[in-house]
1. Take residue B:293 and decide whether it is more than 14 Å from every other protein chain (Cβ to nearest Cβ), touching a residue at least 24 places away in the same chain (Cβ under 8 Å), assigned to a loop (DSSP other than H, G, I, E, B) and farther than 30 Å from residue B:71 by Cβ.
2. Criterion first (more than 13 Å from the chain's Cα centre (by Cα) and either within 14 Å of residue A:26 (Cα to Cα) or part of a strand (DSSP E or B) (or both)) does residue A:121 satisfy it?
3. Would you be able to tell me the number of residues in the range B:212-246 that are more than 19 Å from residue B:296 (Cα to Cα) and in a loop (DSSP other than H, G, I, E, B)?
4. If you scan the range B:12-71, which residues turn out to be under 19 Å from the mean Cα position of the chain (by Cα), crowded, with 18+ Cβ neighbours inside 10 Å and either in a helix (DSSP H, G or I) or within 14 Å of chain A (Cβ to nearest Cβ) (or both)?
5. Looking only at the range A:27-57, which residues are part of a strand (DSSP E or B) and either buried (at least 23 other Cβ atoms within 10 Å of the Cβ) or within 13 Å of chain B (Cβ to nearest Cβ) (or both)?
6. Suppose we filter the range B:316-342 for residues that are buried (at least 23 other Cβ atoms within 10 Å of the Cβ), away from chain A (no Cβ under 14 Å) and not hydrophobic (A, V, I, L, M, F, W, C); how many remain?
7. Tell me, which residue of the range A:58-87 that is farther than 28 Å from residue B:315 by Cα and assigned to a loop (DSSP other than H, G, I, E, B) is nearest to the other protein chains (Cβ to nearest Cβ)?
8. Have a look at B:88, B:141 and point out the one that is open to solvent by less than 10 Å² (accessible area, probe 1.4 Å), in a strand (DSSP E or B) and either at pLDDT 95 or above or at negative phi (or both).
Amino acid sequence: MSFQVPDDCRYLESHEWVRVDDGTARVGITDFAQDELGDVVFVELPDEGEELTAGEEFGVVESIKAVSDVYAPVSGTVAAINERLFDEPELLNEAPFADGWMLEVELADEGELDDLLSPDEYRDQIA
Amino acid sequence: MTLRSPPLARVHEEGGARFTDFGGWEMPVEFDSIREEHAAVRESVGKFDVSHMGQVTVDGPDAERLLQRLTTNDVTALAPGEAQYAAVTDEEGVMLDDTVVYRLPADSDDEFLFVPNAGHDEEMTDRWTTHRDEWGLDATVTNRTTEYAMVAVQGPDAPTLLADETDVDLDELDRFDVGSGPVAGVESLVARTGYTGERGFEILCPWGEAESVWAALDCQPCGLGARDTLRLEMGFLLSGQDFHPEDEPRTPHEAGIGWTVKLDTEFVGRDALERVDREGVDAKLVGLELVDRGVPRHGYEVRTRDGDTLGHVTSGTMSPTLGEPIALAYLPPAYADPGQSVRVVVRGEPKKARTRATPFLDR
């Protein structure tokens with residue numbers, strides 16, 4: 001089975017992604033992660049304005065069979081959350097890199113992006 | 001420890017299943033998606049490999065007496081071709097297992113068969129032989145777990161699907177009846193039993209011929225994940241989780257299956273259960289629904305609104321059919337009535353919940 005690993009994202013070993021586009025950093029979980037979890041039924045997200053620290057947990061994704069913490073790939077302030085996930089948690093399964101995004105973060109330090117896995121490094125990890 | 005493999009392991013692997021260790025067996029937990037598999041069973045039909053369930057036969061002049069003394073229900077009530085649900089209890093009335101006892105059709109080689117839970121077959125066989133010897137009964141107890149495969153086909157379309165593949169007259173089988181005949185050409189026992197709440201059948205066939213039966217039943221393969229959400233919607237017990245002799249010692253009365261206890265029969269644990277029947281219980285397995293957002297899970301604490309501990313969740317999930325978070329929890333009997341407000345502690349946070357009647361789903 002091959003999983004989507006978009007080239008325009010950076011990755012955490014714990015299977016989160018971040019994509020910086022026009023100054024906005026979006027964060028979510030990877031295709032591999034959603035597949036491992038199975039049917040997602042519940043998502044817990046921080047409030048807008050909360051401060052995230054890279055590597056620390058910011059939310060929870062629950063599937064029918066498992067509960068999983070999600071970790072922040074970058075530090076910064078939560079600028080927006082994807083409220084659709086509260087009613088449609090299945091978006092995380094259906095489109096983890098698109099409609100299933102979880103947060104937008106105002107980056108505290110763009111340099112942190114360099115510490116994350118490149119798409120190729122992440123591909124190697126899940127191979 | 002080496003995991004035991006069901007006879008269909010190779011087929012499941014080819015079918016893209018994910019596996020899990022369940023009761024010492026490596027079993028498929030999911031084929032496509034638990035949600036899809038669950039929906040197939042509720043709306044049309046799905047099949048399960050349940051070969052991890054134990055199969056123990058009991059024969060001989062005292063077979064009935066032996067079963068009567070080791071299970072809580074009344075085995076003498078069974079005619080050939082009938083089955084019943086029962087608990088197996090110790091001297092204290094604590095549930096060691098739950099099981100279905102079949103008095104097999106007259107044309108079968110064996111007289112009785114009972115089905116212990118996954119990983120309990122050896123322990124139950126030992127228990128039966130030890131007590132047989134102790135009581136001097138004339139009965140043969142045989143662990144046939146790796147001789148029989150078991151395939152469940154469940155859902156509103158199960159009778160139509162199975163009817164095309166068997167000579168057994170399914171219309172003649174009432175709930176908890178068992179017949180015998182070929183399924184896909186394989187001599188089998190066909191029981192109108194199951195653990196999903198749907199109409200359905202459990203097929204016992206020789207271990208080596210399971211692939212023919214499985215292949216002939218052309219429908220959605222389902223794993224233990226869907227089996228768990230389906231049984232929980234019905235409020236059915238999961239051995240090892242909703243009761244366990246050490247971790248969760250419970251009497252049938254606490255676990256909500258006091259109706260399987262026939263006090264006018266003699267069985268191990270009877271006196272203890274008569275006392276329970278007379279004096280009542282300290283806790284009962286109660287249905288819960290979460291009002292706040294969240295998913296109740298095994299082990300989560302249940303409290304009053306004021307923060308006093310009441311009990312804990314034994315099984316919980318997001319119900320795929322209802323789209324609501326549901327759970328079973330042992331609570332004081334005063335909370336057995338539906339509609340009472342409690343709190344379930346989800347990751348340290350008390351979430352609003354209500355007691356609710358089981359089954360959660362009307363079937």
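The values are calculated or read from the model by the stated rules, or taken from the named source; none is laboratory data. No experiment lies behind these values; they were computed from the predicted model shown. Using ideal geometry, Cβ is built from the backbone for each residue, glycine included, and neighbour counts are taken over all protein chains shown. SASA here: full protein model, heavy atoms, side chains in, ligands and nucleic acids out. Shrake-Rupley method; radii C 1.70, N 1.55, O 1.52, S 1.80 Å.
1. no
2. So residue A:121 does not fit the description; no.
3. 6
4. Answer for the range B:12-71, where residues must be under 19 Å from the mean Cα position of the chain (by Cα), crowded, with 18+ Cβ neighbours inside 10 Å and either in a helix (DSSP H, G or I) or within 14 Å of chain A (Cβ to nearest Cβ) (or both): B:22, B:27, B:28, B:29, B:30, B:34, B:37, B:38, B:41, B:42, B:67, B:70.
5. A:27, A:28, A:29, A:40, A:41, A:42, A:43, A:44, A:52, A:57
6. 1
7. Per the stated criteria, the residue is A:83.
8. Values: B:141 fails: open to solvent by less than 10 Å² (accessible area, probe 1.4 Å).
Exactly one of B:88, B:141 is open to solvent by less than 10 Å² (accessible area, probe 1.4 Å), in a strand (DSSP E or B) and either at pLDDT 95 or above or at negative phi (or both), namely B:88.
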